[in-house]
1. Determine, for V29, V211, V70, the number of other Cβ atoms within 10 Å of each Cβ, and report the residues in order from fewest to most.
2. Which Cα, out of V201, S38, A251, lies furthest along the positive dipole direction of the chain (beta carbon charges, K/R +1, D/E -1)?
3. So, with +1 on the Cβ of K and R and -1 on the Cβ of D and E, and no other charges, what is the size of the charge dipole of region 40-139 about its Cα centre, to the nearest 20 debye?
4. For Y250 paired with N183, estimate the spin-label separation in nm (one decimal), with each label point 7 Å from Cα along the Cα-to-Cβ line.
5. Which one of W172, V108, L142 is farthest out on the positive end of the charge dipole of region 4-259, using unit charges on Cβ (Lys, Arg +1; Asp, Glu -1) and the Cα centre as origin?
6. log₁₀ I(q)/I(0) of region 191-260 at q = 0.13, 0.26 Å⁻¹, via Debye over equal Cα point scatterers, no solvent, to two decimals?
7. How big is the dipole moment of the chain about its Cα centre under a simple scheme where the beta carbon of each Lys and Arg is +1, that of each Asp and Glu is -1, and everything else is neutral? Debye, nearest 20, please.
8. With point charges of +1 on the Cβ of Lys and Arg and -1 on the Cβ of Asp and Glu, referenced to the Cα centre of region 167-239, which listed residue (V218, A192, F181) lies farthest in the positive direction of the dipole?
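None of the figures in this text is laboratory data; all of them are computed from the coordinates on show. This is a predicted model, so every value here is computed, not measured. Neighbour counts run over all protein chains shown; Cβ positions are idealised from the backbone, glycine included.
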Amino acid sequence: MKALLRIASGAALFGASHAAALAAPDDLVTWSVGAEYSSGDYGAPQKTEIFYVPFAVKYETGRWAYKVTVPYVEITGPGNVIGAGGDRIVVPGVNQPRRTASGLGDIVGAAFYNALDDRSAPVGLDIGAKVKLGTANSDKGLGTGENDFAVQADLFKAIGKFTPFGTIGYRWYGDPPGVDFRNVPYASLGGAYRLSQERTVGAVYDYRGSVFAGGPVVSELTAYVSQRLSKEVKLQLYALAGFSDASPDYALGLNLAYSY
């Protein structure tokens, strides 16, 4: 079975995930489902509540890892928040009547290559790209209706039971009619500590530049615990605290994964 470290931030489990796949000859398939509830005012008088349920499949072979995420999204709020998780966009100045919308979210695909193995190099390095397809209903505010593209590098180094990790990336946004989103950098920094063969705890801070000139940046901290229930099954629980008007006040979530 492929040796594997997956450290997922609460920002969308996939959109802000940090991967450190160790090359091995065996292929690995992982099916997962998550659930996240978040709440925040995002700079508006009324709060926005988001329920986010991502279904994902990941395939790893050699140094390559591929992943597709298909989410269900439900948003209740005044309309200033578009999308969910790592694809969430906050539109300044919007204060409409509170409404609830639900449906298919934006499908996200990714491919990553393990360029450096931290067992034989000073630091591990994964490089890759992500594509967000505009499959969510833009009229309901579940997405922008446009495709986005990002490139990303993940750095990591196992030091005994502790693994520090970080991410740097850049995202190009598709512009809906009459809207000009800024393309922005994003980054994260965190660490994971292995309490036992079955349990790992960690924390990660996520940052993303503002997609509007003068708008808020994404700034949030996630703490998590990952528990292996069996050789094939792993459960992750997490809590998120936001520090800006582009982040929720808080979020709670879980992810259940089955690998074979």
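1. V29, V70, V211
2. Result: V201, furthest along the dipole toward the positive end.
3. Details: 10 positive and 10 negative charges, 11 e Å.
The dipole of region 40-139 has a size of about 60 debye.
4. Label at Y250, label at N183, 3.9 nm between them.
5. Most positive-ward Cα: V108.
6. -0.48, -1.07
7. Value, rounded to 20: 580 debye.
8. Value: A192.
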